[in-house]
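Read through the structure below, which is laid out as structure tokens, and then see the notes.
The values are calculated or read from the model by the stated rules, or taken from the named source; none is laboratory data. Bear in mind the structure is a predicted one, so any value in this text is a computation, not a measurement. So basically every Cβ, Gly included, is an ideal-geometry build from the backbone, and we count neighbours across all protein chains shown. Surface accessibility is based on the protein's heavy atoms, side chains included, excluding ligands, DNA and RNA. Shrake-Rupley method; radii C 1.70, N 1.55, O 1.52, S 1.80 Å.
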Amino acid sequence: MRKGIMKTITRHSIKFSLMAIMLYGAGSASAQDPARLNFEKLNGLEAKARDVVEVNIDGKLLDLAKRVVAKVKDQDAAKVAQAITGLRGIYVRVYTFEKENEYDPADVDQIRAQLNAPGWERLANVRSKRNNQKVDVFTMFSGDKMDGVAVVISESKSIAVVNVIGMVDIELLVELGGKLNIPRIDIEKDGEPKPKK
Amino acid sequence: MKDDYLWDNTGKDSEIEKIESSLSMFRYKPIDAPKLSVAESEGSRRRIWDLRYVLVPAFAAIVIGAVVAGLWFRTSSDEIVAKIESGIESRRPAQSDPATGDKIGEINPQDAPLVSPPHKAGGQGDPRVAMANRKRAIGPKRKGVEPALTREEKYAYDRLMLALSITGSKLRMVQDKVNGLEVEKTGSKNER
């Protein structure tokens, strides 16, 4: 009888451990933000573009940056600190090409296709025949809470994709857009005394 | 019939011997008794330490424990880091410089968090590199020198500002586009 009980315990132990591993794996998979876009298709544009801007800020780097912004005694920085309180990540890709139509529009359309997934809502859609410009702005909300923003701008000579994860004050960002000056911050260099102000 | 032969097999009895020979195929053949284990012979009072029944539950317990620990570390690591850093900040001495109204960075480089400049945009580097960078950033202490941001902090700040600047400018562009279209529409309506 004891053998039977031990066999049952062994069998259930194996089942529980397998379930725990599967649940952990599922949890890890779902831990990736739903508002996060996949920029893999754009990696091939790097070789073709004249100028490339790629910025990925999340996790510890973002936390560090937030702390620095909070400490900077600058009017704009204070507004920025207020705007990015709920920010979880920000990903930017900007490609500028020498000539027109040097990239495959299908690559950008693949990014736009991700924004057709449930959860994303179109905020703005602008099409202009001038420079073959297409502008799309999408937002994702879970209830009343903003989960993300995506901006996709494609022209004949440039592509810009911005993916913001988390809550961000869009109006404030628009107000500060192009006006954000990176203030001079002195860094101690090895062996060099810092000049007194 | 003599009874001695039947009793102790002594003497001779032809009739009995005849019967015995005819029934010899049914004779009892004694065999050795089966060897019983000590536990069985003692009525299985002792516990059976079958290795199989110990290892598998132990392994399952280790796996479940590892999964729970992983989940706990994931959820609490950020809280722990925030608590440590808030503790570090509370220990920093208060500094004030009335001469510069826009003083930046009351950060002691010795207490800089473990974040090293990433190899590529947005990544995180080796903690040993972070330690080396931190030591380089500290330098010799001099009297009256204000502490400034570390390289890691400046890098993070610059990257964030760049990303926000680009985001803001693109959003502004969209807003201008939309506003421009609205102006065109109202203009065409007024003409009619």
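Observations on the model:
- Filter result for A:Ile170 (open to solvent by less than 60 Å² (accessible area, probe 1.4 Å), β-branched (Val, Ile, Thr) and at pLDDT below 90): yes
- Hits in the range A:128-153 - residues which are in a strand (DSSP E or B) and among the polar types (S, T, N, Q): A:Ser128, A:Gln133, A:Thr139, A:Ser142
- Within the range B:1-51, the residues that satisfy the criterion of being small (Gly, Ala, Ser) and either outside any helix (DSSP H, G or I) or modelled with pLDDT under 70 (or both) are B:Gly11, B:Ala33, B:Ser37, B:Ala39, B:Ser41, B:Gly43, B:Ser44.
- Candidates are the residues of the range A:137-147 that are within 18 Å of the chain's Cα centre (by Cα), of a type outside the set (A, V, I, L, M) and more than 12 Å from every other protein chain (Cβ to nearest Cβ); the one that is surrounded by the most Cβ atoms within 10 Å (Cβ to Cβ) is A:Asp147.
- The range A:101-136 - residue that is on the phi > 0 side of the Ramachandran plot and more than 18 Å from the chain's Cα centre (by Cα) and, of those, modelled with the lowest pLDDT: A:Asn131
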